[in-house]
Amino acid sequence: MKYKLSYYTIITDPIPNTNVCVIFGTKTSKAYNLDQKIIALLKEEDFDEIPLDIINNLIIAEIIVPKDLNELSEFCEKAKLDATAEDGYLHVTVMSSGNCQLGCSYCGQVHSKKKLEDDTVELIEKRLTHLFSSKPFSEFRISWFGGEPLMALNKMRLVNTFAKKISKSNDAIYRSHIVTNGLSLKSNIYEELAHEFNCTSIEITLDGVKEFHDTRRDTKAKEPTFDLIFNNILSITSLKDYPINGCYIKIRCNVDDTNKEGVIPLIELLAENNLQDKVIFYTAPVYSWGNDAHLTNTKEEYAINEIDYLLKLHEVGFEINSIPQTKDVVCSAVTPNYELIDPNGKIFNCTEIPLVSMYGDEYLIGDLKTSFTEVKEYAERPYTKWYDEIQDKSNGYWCTSCKILPLCGGRCPKSWKDGIPPCPSMKLNIEDRLMLANYLIQEDNITQIA
């Protein structure tokens, strides 16, 4: 069989003071340190001159692939199969509230006092019962979202009670997770979420230290929120049995040009409070949420700064992984067993659509108040033709010719449809990430990235 160097391959410049480069296969997230002479032979596809053990490793890593392989088609067809596979997993996002105490500068949602009404809660129960009667599920997950979901905790409790009951009667594992602003997340609420809601993770946003966070994530009445949220986190992580049932706090820091200087001080503050082994921390660039929030962010600068954030996290004792992992299923919107139910009982297949004024009813896939059994067929839903669309060069999506496609899957079909390329920072800093990984591995006296 004839072979070629995979298109989905990244090769770094030589590691400083060496003749060694890192070669990385984005189809498998496998990386190796190879001499420049070997790299030159690979680029020329002169495989007969390369030691057989290296060739075998590179074939396994899909860095060397069959000559006649259409790699874009292979990736997309596999992604379609994985996205539509009946794997026994049901995922439903429940927006218990359309309200939120915060008035974040970059938020695209339009908040109101709307929350799930009792008749909508009953319809959710009927919908879940119908879903379980239509096909077998071995695992069921609810994502609690809003607005701020904890502003309707009483409604969450009602949904949670019958969700657990339905799961149990169908021999399905039930879990949940929640995205919350953290204001109402007292220790007793955390304990309830962990024990009663089978919650496996709680995501909270801190946009830098107080000086930065409070200018961006203040309340609608312009009151600061950092101290209250941070103290809630400290109280929870100080519980003697934290993380209860494995329910960890995950801290997200949204970054743009206005708070980039507050990220490293936040990392240092977390470390000063010995949270390295108690929370998961990550940063994300601010993006468009039906608005122009993305214009406050310089992608190139964020990509540079992100490496500094990773280095600081490592320096203070956080576990990091600078090598991105493969991701063919881009998001829940492309899967058939995902639904989002908003506070009005409307059903969508994307979390970025509800409560955002620029998106209309064309994005609906169903409405509980019309029917709790009928939703749009999978092929008629938004974004479900994503993997066919990126194979068509005439659509103009950069994914068609991007070497990191196997690492992000196209990132966000909605953003592409909105005309805002959502390319991740790793597209700009992947070589720096590989160099960082090599540096960290050398610290552990390992000579090859595997």
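Determine if region 143-151 includes at least one residue that is at pLDDT 95 or above and either basic (K, R) or open to solvent by 60 Å² or more (accessible area, probe 1.4 Å) (or both).
As a first pass, look at region 143-151 and keep what is at pLDDT 95 or above: 143-151.
Pick out the ones that are also either basic (K, R) or open to solvent by 60 Å² or more (accessible area, probe 1.4 Å) (or both) and you get 151.
Yes.
Could you grab me the full set of residues in region 268-287 that are of a type in the set (A, V, I, L, M, F, W, C), under 25 Å from S415 (Cβ atoms) and open to solvent by less than 60 Å² (accessible area, probe 1.4 Å)?
Of everything in region 268-287, those that are of a type in the set (A, V, I, L, M, F, W, C), under 25 Å from S415 (Cβ atoms) and open to solvent by less than 60 Å² (accessible area, probe 1.4 Å) turn out to be F281, A284, V286.
Can you name every residue in region 313-329 that is farther than 22 Å from C412 by Cβ and open to solvent by 30 Å² or more (accessible area, probe 1.4 Å)?
Selection gives H314, E315, V316, G317, E319, I320.
Does E301 qualify as being out of contact with any Lys or Arg (no Cβ under 7 Å at 6 or more places or on another chain), open to solvent by 30 Å² or more (accessible area, probe 1.4 Å) and either closer than 23 Å to L405 by Cβ or of a type in the set (D, E) (or both)?
Yes.
Answer with yes or no whether E374 is assigned to a loop (DSSP other than H, G, I, E, B), free of Cβ contacts under 8 Å to residues at least 24 places away in the same chain and over 30 Å from P265 (Cβ atoms).
The answer is yes for E374.
Quick check: anything in region 109-124 touching a residue at least 24 places away in the same chain (Cβ under 8 Å) and under 30 Å from K30 (Cβ atoms)?
No, there is no match, as no residue in region 109-124 is touching a residue at least 24 places away in the same chain (Cβ under 8 Å) and under 30 Å from K30 (Cβ atoms).
Mind listing whichever residues of region 205-238 are of a type in the set (A, V, I, L, M, F, W, C), over 19 Å from E148 (Cβ atoms) and assigned to a loop (DSSP other than H, G, I, E, B)?
V209
Against the condition at negative phi, assigned to a loop (DSSP other than H, G, I, E, B), open to solvent by less than 10 Å² (accessible area, probe 1.4 Å) and not hydroxyl-bearing (S, T, Y), how does D241 come out, does it pass?
In short, no.
Being in contact with a Leu (Cβ under 7 Å, 6 or more places away or on another chain) and either assigned to a helix (DSSP H, G or I) or polar (S, T, N, Q) (or both) is the filter here, so list the residues in region 96-123 that pass it.
S96, Q101, Q109, T120, V121, L123
Against the conditions (1) open to solvent by 40 Å² or more (accessible area, probe 1.4 Å); (2) farther than 30 Å from N160 by Cβ, where does A79 fall short? Just the number, please.
Condition (1) is where A79 drops out.
Could you please find all residues in region 391-417 being among the charged types (D, E, K, R) and open to solvent by 50 Å² or more (accessible area, probe 1.4 Å)? Walk me through it before giving the result.
Kept after step one, since they are among the charged types (D, E, K, R), are these residues of region 391-417: 392-393, 403, 411, 414, 417.
Hits for region 391-417 are D392, K393, K403, R411, K417.
Could you list all residues from region 125-142 that are crowded, with 18+ Cβ neighbours inside 10 Å and farther than 16 Å from V159 by Cβ?
Passing the criteria: only F137.
The values are calculated or read from the model by the stated rules, or taken from the named source; none is laboratory data. Computed from a predicted model, the values in this text were never measured in an experiment. Note that each Cβ is placed from the backbone with ideal geometry, even for glycine, and that neighbours are counted across all protein chains shown. Protein only, heavy atoms only, side chains kept; ligands, DNA and RNA dropped before computing areas. Shrake-Rupley method; radii C 1.70, N 1.55, O 1.52, S 1.80 Å.
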